[in-house]
Amino acid sequence: MKIAVLIKQVPDTDEVKMDPEKGTMIRDGVGSLINPLDLNALEAALFLKGERGGTVTVLSMGPPQAERALREGLALGADRAHLLSDRAFAGADTWATAKVLATLLEKTGPYDLVLAGEKATDGETGQVGPEVATLLGLPFATYVSRLSATDGGLEVRRTVEEGYQRLRLPYPCLATVLHDLNEPSMPTLAGKKRGRRAEVTRWGLSDLGLEETEVGLSGSPTRVVRIAHPKITRQTAFYGARDLDRGIAHVVALLKEKALLQGGGQA
Amino acid sequence: MRTERNGLGGVFVVAEVRRSGIHSCTLELVSKARELADARGREVTAIVLRSPSEEPVEPLFRHGADRILLVEDERLGSLNAEVHSRIVAHLIGKGDAEIVLAPATTTGRTLLPAVAALIHTGLTADCTGLEIDAETGLLLQTRPAIGGNVIATIKTPDHLPQMATVRPKTFPVAPPQDRLGRVERPLLDESLFCTSVVCLGEESVEGEEVDIQGLDVIVSGGKGLKRPEGFRLLQELADLLEGAVGASRPTVEAKWISYPHQVGLSGKVVAPRIYLAAGISGAVQHLAGMQTAETIIAVNKDPEAPLFRVADVALCGDLYEILPRLIDAIRREKEERHD
Ligand SMILES: Cc1cc2nc3c(=O)[nH]c(=O)nc-3n(C[C@H](O)[C@H](O)[C@H](O)COP(=O)(O)OP(=O)(O)OC[C@H]3O[C@@H](n4cnc5c(N)ncnc54)[C@H](O)[C@@H]3O)c2cc1C
Ligand SMILES: Nc1ncnc2c1ncn2[C@@H]1O[C@H](COP(=O)(O)O)[C@@H](O)[C@H]1O
């Protein structure tokens, strides 16, 4: 089974602190890591490889430092790594990101299965997976919390508002995964060594055969007009041990004010 | 692209159809769509894809739709991303949509990216604000990013349609008006239904929908509950307020409660009118999922708990003492109202 995993390098939110004044995240000096859900995707890929044989390839589009994320993927057990890095790719929205990733999947494939995270912790769009699948004409499933490979296809369980939906997708297909899919493993020492040595193939615009107008900012249908940092302007009413009665009365008053106490008394 | 399309078809809304019927977040979007369409002098079209049903679609007219494209087919009963997105792309293409909106639910967030890829246009995820730019007539789409710490405004200047998914509960449902519209049942080519994906089944969790994003009140619990039974107390409070129970990640990981309840970076992003957090410390990853709530109430025994910093009301003490007292106080208040 040939499996590809899309991995994105994101800022380490564990290290991010809040600026209490501005209500913004302090990202200075913050390290970067693999988007957590992409680790679940990679773990699933490695598990399937162990079960059915084959190879696991990790792909990432990003600045040159994204190579580190790919090396981490190799350390965890991926067989091959491809880095899409080119000035022309900068400023890509989800469409332009998906376009480049889909093109690379075509060039380095065919793959039986492509896995991605349901969403990344920085962009939080969750759009790249479905867009890549659609550009490649692959059937896909989102919000996957369980998956297994059978000869007849990939069986998945999607976690949705109403509960679960179970699907069988034929190969090749794409799935975006949630964190409760599995427990990502830590790299072993031998793995780390391999991760440092293994080759990461680099790809630029000309290697993909795409036009400059199809990628990066110029290939992006959307434009960011402005970015605002909303200040958290909440005035906290603090009630300690001695004035809890007043605190509770405050909460009840709020509920009343918002007309949330109207329903039938279920007492 | 703009060159091939003119967008005269106006604003399209993709209805959220659940097993229980057309979800109320559809009405929120139709109401907003009405506003946007009026600003552009165009029509509002709602697309309803479902298996044959008796449920009336007229409420969509009363809240703003001029036209409903109704496709009923047994094969549309369960979401098939391939088929549904192909049909939506076909209908908005034929209708020459200028703007396409869908709720940012698991369904909308699955379908719209596929539609955007099929017709090559931009898509903004999880919007919390939409308006027409008076100067250019373009749709300005506002969305929080990085857990609500940044608010970005995005536009799609050169492609049509301009597409967005919108968080449920962002826009109010407009008061119903006495208006009607046209129901059209487009005939679709059989090829649009072609798929190799098989639905093996659907199950509800706990015998009911776990849809914490759609409610006015969320009562959430964290590790501070100390034991799984603590969620029963929260459920009692949530029931009293017709709300839902939310949870922090460690409680989900400890299997005290199921994943659909998780709030935060790797769970759901919610913006209810009241968010009450009990025994939750308020890590950045949790705040990312709830800090845009209208009012935040925090119960924690640690006066330094970071959650207190974003709370409107901070109740400092043992949740097992405070919550029962709060429940009593609410019951008393409700009874008085009924007497
Ligand atoms: C990549 C990543 C993604 C994550 N995503 C999420 C996410 O989506 N959602 C999420 O919630 N977390 C997420 N986390 C985890 C997050 O960092 C925190 O670990 C988590 O939110 C803490 O949960 P908690 O507040 O329930 O537990 P704790 O931090 O252990 O806090 C428990 C609190 O309860 C209080 N308490 C204890 N006993 C009582 C009592 N009797 N009465 C009142 N108060 C009491 C304590 O003072 C304490 O403040 C993520 C982490 C990572 C690294
Ligand atoms: N630049 C990228 N390189 C590789 N994979 C990506 C990239 N951006 C997004 N992805 C994949 O798409 C998923 C969803 O990301 P997003 O749509 O940005 O929320 C991620 O979890 C990754 O698997």
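Hey, can you tell me all the residues within the range A:172-182 that are assigned to a loop (DSSP other than H, G, I, E, B) and facing chain B (nearest Cβ under 10 Å)?
Residue satisfying the conditions is A:178 alone.
With respect to residue A:33, determine if the residue is within 16 Å of ligand 1 (Cβ to nearest atom), open to solvent by 20 Å² or more (accessible area, probe 1.4 Å), at pLDDT 95 or above and within 14 Å of chain B (Cβ to nearest Cβ).
So residue A:33 fails the test.
Can you tell me which of (1) within 9 Å of another protein chain (Cβ to nearest Cβ); (2) modelled with pLDDT under 95; (3) open to solvent by less than 30 Å² (accessible area, probe 1.4 Å) is the one residue B:289 doesn't meet?
Condition (1) is where residue B:289 drops out.
Return the total of residues in the range B:269-281 being crowded, with 20+ Cβ neighbours inside 10 Å and either facing chain A (nearest Cβ under 9 Å) or within 16 Å of ligand 2 (Cβ to nearest atom) (or both).
Number satisfying all stated conditions: 3.
With the condition kept exactly as written, say whether any residue in the range A:140-148 is out of contact with any Ser or Thr (no Cβ under 6 Å at 6 or more places or on another chain) and assigned to a loop (DSSP other than H, G, I, E, B).
Looking through the range A:140-148, none of the residues is out of contact with any Ser or Thr (no Cβ under 6 Å at 6 or more places or on another chain) and assigned to a loop (DSSP other than H, G, I, E, B).
Residue check: is residue B:187 open to solvent by 60 Å² or more (accessible area, probe 1.4 Å) and either at pLDDT below 95 or not assigned by TED's automatic domain parsing to the domain that holds residue B:256 (or both)?
yes
Can you list the strands (runs of 3 or more DSSP E) lying wholly within the range B:1-97 that have 2 or more residues being buried (at least 16 other Cβ atoms within 10 Å of the Cβ) and modelled with pLDDT under 95?
Of the strands (runs of 3 or more DSSP E) lying wholly inside the range B:1-97, none has at least 2 residues that are buried (at least 16 other Cβ atoms within 10 Å of the Cβ) and modelled with pLDDT under 95.
Residues B:253, B:202, B:242, B:236: which one is within 13 Å of ligand 1 (Cβ to nearest atom), open to solvent by 30 Å² or more (accessible area, probe 1.4 Å), within 14 Å of another protein chain (Cβ to nearest Cβ) and not hydrophobic (A, V, I, L, M, F, W, C)?
When all the criteria are applied, what remains is B:253.
Checking residue B:180 against (1) in contact (Cβ under 8 Å) with a residue 60 or more places away in the chain; (2) outside the structural domain of residue B:103 (by TED's automatic domain parsing); (3) away from ligand 1 (no atom under 16 Å from the Cβ), which test does it fail?
Here residue B:180 clears every test but (2).
If you take the residues of the range B:323-336 that are at the interface with chain A (Cβ under 7 Å from one of its Cβ atoms), without any contact (Cβ under 8 Å) to a residue 40 or more places away in the chain and not small (Gly, Ala, Ser), which of them is least open to solvent (accessible area, probe 1.4 Å)?
Taking the candidates together, the pick is B:333.
Select the strands (runs of 3 or more DSSP E) contained entirely in the range B:113-172, then report the ones holding at least 3 residues which are more than 7 Å from chain A (Cβ to nearest Cβ).
In the range B:113-172, B:129-132, B:139-145, B:162-166 are the strands (runs of 3 or more DSSP E) which contain 3 or more residues that are more than 7 Å from chain A (Cβ to nearest Cβ).
Which of the residues that make up the range B:292-310 are in contact (Cβ under 8 Å) with a residue 24 or more places away in the chain and either open to solvent by less than 10 Å² (accessible area, probe 1.4 Å) or within 7 Å of chain A (Cβ to nearest Cβ) (or both)?
Across the range B:292-310, the qualifying residues are B:293, B:299, B:305, B:307, B:308, B:309, B:310.
Which condition breaks for residue A:164 when tested against (1) facing another protein chain (nearest Cβ under 7 Å); (2) open to solvent by 50 Å² or more (accessible area, probe 1.4 Å); (3) among the aromatic types (Phe, Trp, Tyr)?
Answer for residue A:164: the failing condition is (2).
The values are calculated or read from the model by the stated rules, or taken from the named source; none is laboratory data. Every value quoted in this text rests on a predicted model; they were computed, and no experiment measured them. Positions of Cβ are generated from backbone atoms using ideal geometry, with glycine treated the same way; all protein chains shown enter the neighbour counts. Just the protein is used for accessible areas: all its heavy atoms, side chains included, with ligands, DNA and RNA removed. Shrake-Rupley method; radii C 1.70, N 1.55, O 1.52, S 1.80 Å.
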